[in-house]
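Trainee: My questions will all concern the structure given below.
The values are calculated or read from the model by the stated rules, or taken from the named source; none is laboratory data. Treat the numbers as computed from the prediction; the structure is a model and nothing was measured. Cβ placement follows ideal geometry from the backbone for every residue including glycine, while neighbour counts extend to all protein chains displayed. Areas reflect the complete protein model, heavy atoms only, side chains present, ligands, DNA and RNA absent. Shrake-Rupley method; radii C 1.70, N 1.55, O 1.52, S 1.80 Å.
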Amino acid sequence: MLSRVLILLILFGFFSCDQNRVFDKYQSIPKQWSKDSLVEFEFDLKANSYNTFINIRTDKNYKFNNLFLIVALADSSRIIMKDTLEYKMATSSGRLLGKKSLNTFQNKLWHKEGMSFETGKFTISIEHAMRKINHTDGLKLLDGIINIGYRIEKETKK
């Protein structure tokens with residue numbers, strides 16, 4: 001009986017910790033992320049204010065200190081916003097940042113804070129915009145990215 005109660009408490013704690021989550025999906029990147037390959041997520045939202053995040057899982061093959069992404073948000077008729085974003089992914093000595101689990105690193109990166117949405121269906125597209133130092137052409141294939149995710153949370157009032 002005590003073990004059942006303990007299991008229920010653990011499950012309740014697990015599910016209640018993520019009560020602000022509205023959307024949270026990942027896509028796997030096979031071997032290398034092509035510059036021409038968009039990662040897209042579709043989601044429905046009700047009018048409200050949200051915090052949005054880009055989740056990146058890397059492995060030891062990721063060789064850069066930063067990550068440049070082009071992120072576009074569209075509704076059913078137009079692109080609402082398009083940003084080029086830079087995220088720090090490693091220390092200057094090359095140690096990868098993020099939560100380490102076995103041989104992967106999980107990074108929850110801010111996309112937008114307190115963003116107001118109208119009710120509707122939206123699409124977010126993410127592509128990398130990486131290049132090597134002193135090269136004008138973008139890097140065609142990016143190693144070390146395992147998964148790309150997008151997460152939306154209800155904004156909590158402070």
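Trainee: Quick check: at a probe of 1.4 Å, how many percent of the accessible area of the chain sits on carbon and sulfur atoms?
Mentor: 53 percent
Trainee: Would you work out which of Ser116, Leu139, Asn103 lies farthest towards the positive end of the dipole of segment 93-151? Charges go on Cβ: Lys and Arg +1, Asp and Glu -1.
Mentor: The residue sitting farthest along the positive end of the dipole is Asn103.
Trainee: Is segment 39-112 rounded, prolate or oblate when judged by the Cα gyration tensor, a ≥ b ≥ c being the square roots of its eigenvalues, rounded requiring a/c under 1.5 and prolate requiring a/b larger than b/c?
Mentor: It is prolate, given that a/c is not under 1.5 and a/b is the larger ratio.
Trainee: Over segment 35-158, with the other protein chains present, what is the accessible area per residue in square angstrom, probe 1.4 angstrom?
Mentor: Accessible area per residue, segment 35-158: 60 Å².
Trainee: With the cut-off at 1.5 for a/c, could you classify segment 47-87 from its C-alpha gyration tensor as rounded, prolate or oblate?
Mentor: Prolate is the answer for segment 47-87, as a/c is 1.5 or above and a/b outweighs b/c.
Trainee: Next question, about the same structure. Between 0 and 90 degrees, rounded to the nearest ten: what's the tilt of helix 2-16 against the longest Cα principal axis of the chain?
Mentor: For 2-16 against the chain, the angle is about 50 degrees.
Trainee: Still on this structure: According to a simple spin-label model (label point 7 Å from Cα along Cα-to-Cβ), what is the distance in nm between Gln32 and Arg95?
Mentor: 3.0 nm
Trainee: Test of understanding: what is the full-extension gain from Trp110 to Ala47, defined as 0.36 nm times their sequence separation minus their Cα-Cα distance?
Mentor: 20.6 nm
Trainee: Okay, helix-only estimate at 222 nm for the chain: each DSSP H run of n ≥ 4 adds -39500 (n - 2.57), divide by all residues, round to 500 deg cm²/dmol; what do you get?
Mentor: -3000 deg cm²/dmol
Trainee: Between segment 132-158 and segment 21-60, how far is it from one alpha carbon centroid to the other, in angstrom?
Mentor: 9 Å
Trainee: Would you mind classifying the chain by shape? Square roots of the alpha carbon gyration tensor eigenvalues, ordered a ≥ b ≥ c; an a/c under 1.5 is rounded, otherwise it is prolate if a/b is larger than b/c and oblate if not.
Mentor: In terms of gyration-tensor shape, oblate.
Trainee: Charges only on Cβ, +1 for Lys and Arg, -1 for Asp and Glu: so what's the dipole of segment 34-158 about the Cα centre, in debye to the nearest 20?
Mentor: Charge dipole of segment 34-158: 560 debye, to the nearest 20.
Trainee: Could you please report the charge total around Lys31, scoring K, R as +1 and D, E as -1 over all other residues with beta-carbon less than 12 angstrom from its beta-carbon?
Mentor: Neighbourhood net charge equals -2.
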